[in-house]
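Just so it is clear, none of the values below were taken in a lab; they were calculated from the coordinates. On a predicted model such as this, the values are computed, not experimentally measured, just so you know. All Cβ positions, even for glycine, are placed from backbone atoms using ideal geometry, and neighbour counts span all protein chains on display.
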Amino acid sequence: MMGQTEEEKLIDEVTAKSYEFGFTTDIDSDTIPPGLNEDVIRTISAKKDEPQWLLDWRLEAFRIWSEMEEPDWAHVNYPKLDLQAISYYSAPKKKVELGSLDEVDPELLKTMEKLGISIEEQKRLSGVAVDFVMDSVSVATSFKEKLGELGVIFCSLGEAIQEHPDLVRKYLGTVVPQRDNYYAALNSAVFTDGSFCYIPKGVRCPMELSTYFRINQAGTGQFERTLVIADEGSYVSYLEGCTAPQRDENQLHAAVVEIISMDEAEVKYSTVQNWYPGDAKGVGGVFNFVTKRGICHRAAKISWTQVETGSAVTWKYPSCILKGDDSIGEFFSVAVTNNMQQADTGTKMIHLGKRTRSTIISKGISSGYSQNSYRGLVQIHPGAENARNFSVCDSLLMTDTCGAHTFPYIEVKNPTAQVEHEATTSKIGEDQIFYCQQRGIEEEEAIGLIVKGYAKEVLNKLPMEFAVEAQKLLTISLEGSVG
Amino acid sequence: MSKFTQNFTAPSHGVELRSEALSLIDSLPVPTRRSERWKYSSVSKLANSTLSTHKGGAVGLEGWPEEINPNPIPELDAYRVVFRNGVYEPTLSDLPIADGIVCMPLSSISEDLARTIFNNEYHKTEWVGALNAAYFQDGLYLHVSKNIKLDRSIVVHHLTDGENVANFPRHYVRIEEGGEADVVVWSNATEKSSGMCNSLFEASVAPNAQLFLEKITNEAGDIYSLAHDFITQEANSRFKAHTFTIKGSWVRNELSIVSVGKGTDSIFNGAYMPCGSEHVDNHTTMDHTFPDGTSSELYRGIMYGKSTGVFNGKVFVRPDAQRTNAFQQNTNIVADRGASINAKPELEIYADDVKCAHGCTVGQFDLEALFYLQSRGLDENAARTLLVEAFIADVLSSVPSKELSDEIKRLYSERHLWS
């Protein structure tokens, strides 16, 4: 007993001491106290051993952010976050490893089973200690070798800053500048890590790069920053996220994704987002405020595909700047909201180059008491000769208590442009459900079937690995929402 | 008092509304492009100008400018209520006198009546609305009793004539149960005119009643035209509106319809073909708050020269408004380099058993159709004209009276040199 008190005293002393010196010198601790100021940013930068230019860049972002106001134009309602109450740096902590799957939340396992995730994968995702013979490790190593041969760089952003500073410096913030918006500015100031991907000229990346099979397994944290550069004539398909439910203690996720698609390059970026949406009463859940944008040079293509089922509040507009002539932008989205979830998502297609084309297919499904909005901008600039856009936004309503909204902005400044937008909102077909039931299909299953058919156009765009799971995910997300 | 309003004087009627609005003018912000509702239409130039309300009285035919016909639709056999710079012109007007119809200038109604009819709250939320409520001059007051059908259309003709004038027309229409009326609001301005015409039109349509409204803006000169129309529809009522912008340097038409009973039917169509540096903005709001309502909207526009067009169509379906069927379409042609269109069709839906759709397109003339017509011997200009006529015809053809649609077509063809 005595010993313990001694120990406690000592701890108290040590902690008190570290405060005496302020946290800037406190290099060794894993977590810095909550709050955001220039010193915190200096600390983050120092901990990551970053070059001076990046620190300056972060500080500039912080100064810009300090003068900005939180946006309130989105069709969402949530209590304002206290950004000074968050700790902006915590080194990836070792998770408590569980002995076997029996110790994992059975609810979580049930969902994974429904998704068809293998036992090994289930163990990995729920933090169960896995055998080192496990396939994915060897797979990862062989992946790394193969990518290395082709000159593909795929690593964490932190690593890239150390190993490839010129590339990072050249492209960081060129698509999403620090002053772009409130959350992008915040991210620029405090981002902790993320992914970096560079595909050299003319290389067709032979595999889907994904955070799923991420070689670098460091926790991505709540201020993730991704930078994808596809050099001339290259191709890459990048997968982000995971269909498995993610229980995350972080309330705010303010990520930034930047894509640079050089002449004749093609980037396919697919996301499955299934963060914790809060409980049925709307308590808890993740706030997902993400800025994603890509720039297309001559004859380049960027294709965004997203399946959004999680998060309490989503605020996300993956966009394409079609700068080069003949470039193409695509956006395919399925957004499902249930219970008290709120989603305000869509895209921006900025047509600058000649003969630029864009396609938008957005499918919203609302259920419970949720609010689901599509917000999109199609802008045809004066120099964008013969630009084309085609947009379809459909909304499906499952209950009489939810909402589905459409806010498209169409701005055309060129007489040769052709822009088409159409949107429909309707209830899930009672006759369709009835027909299925008549054929012996349970009501819930019937709804799943109808929804899958409704979202098929988008689900088909997903890489194989994701498509099957995403379909199951849709069904699970809508469980208990029989209208 | 702000600089903008220093030369405005308010007539003596409608005191209560005025005093409330006057106190709000300074506290409400002058709209800027930062506000979502005014994102594409700037009034900053207007707010920095110095305008005055008209001081004199009625001028009769002698004082009326020669180039303007006091009767804007000569072929149409209609009643007429004429205003010049916001002032009622009794000798040029021809009011209906019939049982069950009360039609007079708004300035003549009693304070008691004024208290009961001025319940629109636009002045509480917008600077533009507060200006009208504080300084409104005159306008149409029309009351149609139960089951009475007005035998002819009423043409409300407003003329802006003079430099740097500020006009504030305000109209009120009430159609009782089963009643019917057709109102044409025609805004004119002489070539040398400049200033602002800030108008408000309020109508309430009782159960099973019907109101047709045609709004035509044909203003020469340099006028900021800000028109706000608020329509309240009770159960099973019918409302049909047409908004045509023939000419106008800066025009903003706002139409808000709210259903306050079951089974309402609303149809509202419009056309705009701005030229030169003209700016035409059409904002519409359809608010379905009760079940079984239907609404259908069609707006078509062609942007010529360096003009800008704005379309914003909002459709709300409130939680109880089940079985609503709402349709909206906006079709645009950007005809010349330098012209632009900003379109924003919106749906906000809170009920599930609904059918709602909107479509919005921006394009050019159909090249195949042009080729087809040319292959039949029409020159390119004639072919183009024919296509424009066909494009606008869908809107024109639903105008209730042929005389009116012919006159609108004539003015369009004069302006756009149709053959």
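Structural remarks
- Radius of gyration and Dmax over the Cα atoms of segment A:134-477, both given in Å: 20.0, 64
- Neighbours of A:Gly383 by Cβ distance under 13 Å: Lys/Arg scored +1, Asp/Glu scored -1, total +3.
- Sparse-neighbour loop sites [GluC sites (Glu not before Pro); segment B:1-103; at most 14 other C-beta within 10 Å; DSSP]: B:Glu66, B:Glu67, B:Glu75
- Amide H contacts under 5 Å for B:Gln322, placed H, 5+ residues apart: B:Asp292
- The orientation-averaged projection of the convex hull spanning the C-alpha atoms of the protein assembly as shown amounts to 45.8 square nanometres.
- Relative contact order, percent, chain B [alpha-carbon distance under 8 Å, six or more residues apart]: 10
- Across segment B:217-374 the C-alpha pair distances fall into 5 Å bins from zero in the proportions 2, 9, 18, 19, 16, 13, 10, 7, 4, 1, 0 percent.
- Neighbours of B:Gln374 by Cβ distance under 13 Å: Lys/Arg scored +1, Asp/Glu scored -1, total -2.
- Sorting B:Thr217, B:Thr232 from the fewest to the most surrounding beta carbons within 10 angstrom yields B:Thr232, B:Thr217.
- Charge sum, other residues only, whose C-beta stays under 15 Å from B:Ser199's C-beta, Lys/Arg counted +1 and Asp/Glu -1: -4
- Annotation: segment B:15-261 has a Kirkwood hydrodynamic radius of 18.3 angstrom, from the mean reciprocal C-alpha pair distance.
- Pair A:Asp56, B:Phe371: separation of 7 Å Cα→Cβ label points (nm): 5.8
- Cα convex hull volume per residue for segment A:393-459 (Å³): 113
- Going from the fewest other Cβ atoms within 10 Å to the most, the residues A:Leu322, B:Leu367, A:Leu147 appear in the order B:Leu367, A:Leu147, A:Leu322.
- Global form of segment B:368-419, assessed from the alpha-carbon gyration tensor, a/c cut-off 1.5: prolate
- Length, then width, then depth: along the principal axes, the Cα atoms of segment A:356-443 run 57, 27, 13 Å.
- The shape of chain B comes out rounded: with a ≥ b ≥ c from the C-alpha gyration tensor, a/c is under 1.5.
- Largest first, the extents of the alpha carbon coordinates of segment A:349-401 on the three principal axes equal 45, 12, 9 Å.
- Under the Karplus curve 6.51 cos²θ - 1.76 cosθ + 1.60, θ = phi - 60°, whole-Hz ³J(HN,Hα) for segment B:144-152, x wherever Gly or Pro sits: 10, 6, 3, 6, 8, 10, 5, 6, 10
- The H on the amide N of B:Met273, modeled in the peptide plane, is under 5 Å from the matching H of B:Thr245, B:Ile302, each at least 5 residues off or on a different chain.
- Loop-resident sites, segment B:355-398, for trypsin sites (Lys or Arg not before Pro), counting at most 14 other Cβ within 10 Å (DSSP): B:Arg376
- Close amide H pairs (under 5 Å, H built 1.01 Å from N) link B:Ser199 with B:Leu226, B:Ala227, B:His228, residues at least 5 positions away or on another chain.
- 10 Å Cβ neighbours from other chains, averaged over peptide B:333-341: 5
- Whole-Hz couplings from phi, Karplus 6.51/-1.76/1.60, listed for segment A:170-186; x for Gly and Pro: 5, 10, 4, x, 7, 9, 10, x, 4, 8, 4, 7, 3, 7, 5, 5, 4
- Where only DSSP H runs of four or more residues are counted, the protein assembly as shown gives -7500 deg cm²/dmol as its mean residue ellipticity at 222 nm, each run worth -39500 (n - 2.57).
- Cα gyration tensor category, rounded, prolate or oblate, for segment B:34-153 with a/c compared to 1.5: oblate
- For segment A:407-483, trypsin sites (Lys or Arg not before Pro) are listed when DSSP marks them as loop and at most 13 other Cβ atoms sit within 10 Å of their Cβ; the list is A:Arg439.
- Exposure proxy order (Cβ contacts within 10 Å, fewest to most) of B:Phe290, A:Phe143: A:Phe143, B:Phe290
- Placing R0 at 30 angstrom, the Cβ-Cβ distance between A:Glu430 and A:Val468 gives a FRET efficiency of 0.60 after rounding to 0.05.
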